[in-house]
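Asks: Got a structure here, written out as structure tokens. Questions coming.
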Amino acid sequence: MILDNFKLNGKVAMVTGCNTGLGQGMALGLAEAGATIVAVNRDNAEDTEKKLKEIGNPYFMLKADLSSIDVIPNLVQEALASASKIDILVNNAGIIRRDDSLVFSEKDWDDVMNVNSKVLFFLSQAVANHYIARKVRGKIINICSMLSFQGGIRVPSYTASKSAAAGLTRLMANEWAQYNINVNAIAPGYMDTDNTAPIMADPERAKAILSRIPAGSWGLASDLQGPIVFLASDASNYLHGAIIPVDGGWLAR
Ligand code: NAP
């Protein structure tokens, strides 16, 4: 039955940056669909842990600072020691820095590129090698952005990193589809989270953004739950290299 293909029972999903925001919403959606969650955060993630406990599947809370690729071998080892395997990787952890391009600093460039694209690539590489060694189907889902398609304003490293994430989604899909690894992405639109709090707090920008969203509202973390479960499940086994906008129609405008 087709709805059975969406079930994630028996699957292990590693979700990075899920103490709050979109990552938390996706981790809870995957757990509700049956997955065991390996939650990766810099710090304790009590709120997510409490919500995962309520859902009732097994889960594991791991700590890693994803600003450097140095942590990746240990992180994958810890995930395998806890959950025995990984079937789904959600590269969600991300940061943004805002400043005029004319004065944008190298630090704000490097910090953002490291988390949003360098770690995304090398963690995907490590997990893809795990999938290939196990000879099983695996899923990798990258969290892109509207700025994977558009230029944005005052966020040069964010735009570069999310455009890189989109390109890498396609590249990894091209190389790894032959191993039954599905690499796809979700590109959220303007979502109500900590990441967008500064622009939501700016009445002029908030009004301009809202007036351009055909759906007439900012997105919520729960809006990503259907798409993430689809991309994590057998229902999307022939989907490779897709970047799905979940944006209330922003890109269609
Ligand atoms: P958020 O609330 O700021 O969440 C970002 C997550 O990434 C947090 O869990 C954060 O952990 C984690 N993170 C950042 N740096 C990390 C590091 N060095 N190591 C480990 N974890 C780290 O923002 P969000 O809106 O939910 O964003 C989630 C993803 O969606 C990001 O990739 C973002 O770029 C993308 N996105 C968001 C929007 C939007 O409108 N909100 C739109 C498009 C794309 P801490 O709490 O410890 O910092």
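Asks: Is it true that ILE37 is open to solvent by 20 Å² or more (accessible area, probe 1.4 Å), touching a helix residue (DSSP H, G or I) at 6+ places or on another chain (Cβ under 6 Å), modelled with pLDDT of 95 or more and β-branched (Val, Ile, Thr)?
Replies: Against the criterion (open to solvent by 20 Å² or more (accessible area, probe 1.4 Å), touching a helix residue (DSSP H, G or I) at 6+ places or on another chain (Cβ under 6 Å), modelled with pLDDT of 95 or more and β-branched (Val, Ile, Thr)), ILE37 does not qualify.
Asks: How about the range 101-113: which of its residues are surrounded by fewer than 15 Cβ atoms within 10 Å (Cβ to Cβ) and either under 19 Å from the mean Cα position of the chain (by Cα) or of a type in the set (Lys, Arg) (or both)?
Replies: LYS107
Asks: I'd like the full set of residues that are out of contact with any Pro (no Cβ under 7 Å at 6 or more places or on another chain) and over 19 Å from ILE37 (Cβ atoms), limited to the range 211-222.
Replies: Matches in the range 211-222: SER211, ARG212, ILE213, PRO214, ALA215, GLY216, SER217, TRP218, LEU220.
Asks: How many of the residues in the range 64-100 are crowded, with 17+ Cβ neighbours inside 10 Å, touching a strand residue (DSSP E or B) at 6+ places or on another chain (Cβ under 7 Å) and in contact (Cβ under 8 Å) with a residue 24 or more places away in the chain?
Replies: Matching residues across the range 64-100 total 14.
Asks: While we're here: Going through the range 236-253 one residue at a time, which ones are open to solvent by 20 Å² or more (accessible area, probe 1.4 Å), closer than 22 Å to CYS18 by Cβ and outside any loop (DSSP other than H, G, I, E, B)?
Replies: Answer for the range 236-253, where residues must be open to solvent by 20 Å² or more (accessible area, probe 1.4 Å), closer than 22 Å to CYS18 by Cβ and outside any loop (DSSP other than H, G, I, E, B): ILE243, ILE244, PRO245, VAL246.
Asks: Taking the range 174-196, which residues are among the hydroxyl-bearing types (Ser, Thr, Tyr) and closer than 17 Å to ILE141 by Cβ?
Replies: Result: TYR179, single match.
Asks: Within the range 1-32, how many residues turn out to be of a type in the set (Gly, Ala, Ser) and assigned to a strand (DSSP E or B)?
Replies: Total meeting the criteria: 1.
Asks: Tell me which of these ALA133 doesn't satisfy, since it passes every other one: (1) free of Cβ contacts under 8 Å to residues at least 12 places away in the same chain; (2) within 16 Å of the ligand (Cβ to nearest atom); (3) among the aliphatic types (A, V, I, L, M).
Replies: Going through the list (1) free of Cβ contacts under 8 Å to residues at least 12 places away in the same chain; (2) within 16 Å of the ligand (Cβ to nearest atom); (3) among the aliphatic types (A, V, I, L, M), ALA133 breaks only (2).
Asks: I've got another one for you. Among the numbered conditions (1) away from the ligand (no atom under 11 Å from the Cβ); (2) part of a helix (DSSP H, G or I); (3) within 18 Å of ASN91 (Cα to Cα), tell me where SER211 comes up short.
Replies: Unmet condition: (3).
Asks: Another question, if that's okay. In the range 33-85, how many are assigned to a loop (DSSP other than H, G, I, E, B), over 20 Å from LEU231 (Cβ atoms) and away from the ligand (no atom under 14 Å from the Cβ)?
Replies: The qualifying residues number 3.
Asks: Looking at the range 114-123, can you tell me whether even one residue there is open to solvent by 70 Å² or more (accessible area, probe 1.4 Å) and touching a strand residue (DSSP E or B) at 6+ places or on another chain (Cβ under 7 Å)?
Replies: No, the range 114-123 contains no residue that is open to solvent by 70 Å² or more (accessible area, probe 1.4 Å) and touching a strand residue (DSSP E or B) at 6+ places or on another chain (Cβ under 7 Å).
Asks: Something else about it: What tally of residues in the range 215-233 results from selecting those that are surrounded by 13 or more Cβ atoms within 10 Å (Cβ to Cβ), part of a loop (DSSP other than H, G, I, E, B) and not hydrophobic (A, V, I, L, M, F, W, C)?
Replies: Residues in the range 215-233 being surrounded by 13 or more Cβ atoms within 10 Å (Cβ to Cβ), part of a loop (DSSP other than H, G, I, E, B) and not hydrophobic (A, V, I, L, M, F, W, C): 1 in total.
Asks: Out of all the residues in the range 187-199, which are near the ligand (Cβ under 9 Å from one of its atoms), part of a helix (DSSP H, G or I) and either buried (at least 20 other Cβ atoms within 10 Å of the Cβ) or over 14 Å from the mean Cα position of the chain (by Cα) (or both)?
Replies: ASP194, THR196, ALA197, ILE199, listed by residue number.
The values are calculated or read from the model by the stated rules, or taken from the named source; none is laboratory data. As the structure is a prediction and not an experimental result, all values here were calculated from the model. Cβ: placed from backbone, ideal geometry, glycine included. Neighbour counts: every protein chain shown. All accessible areas refer to the heavy atoms of the entire protein, side chains included, with ligands and DNA or RNA removed. Shrake-Rupley method; radii C 1.70, N 1.55, O 1.52, S 1.80 Å.
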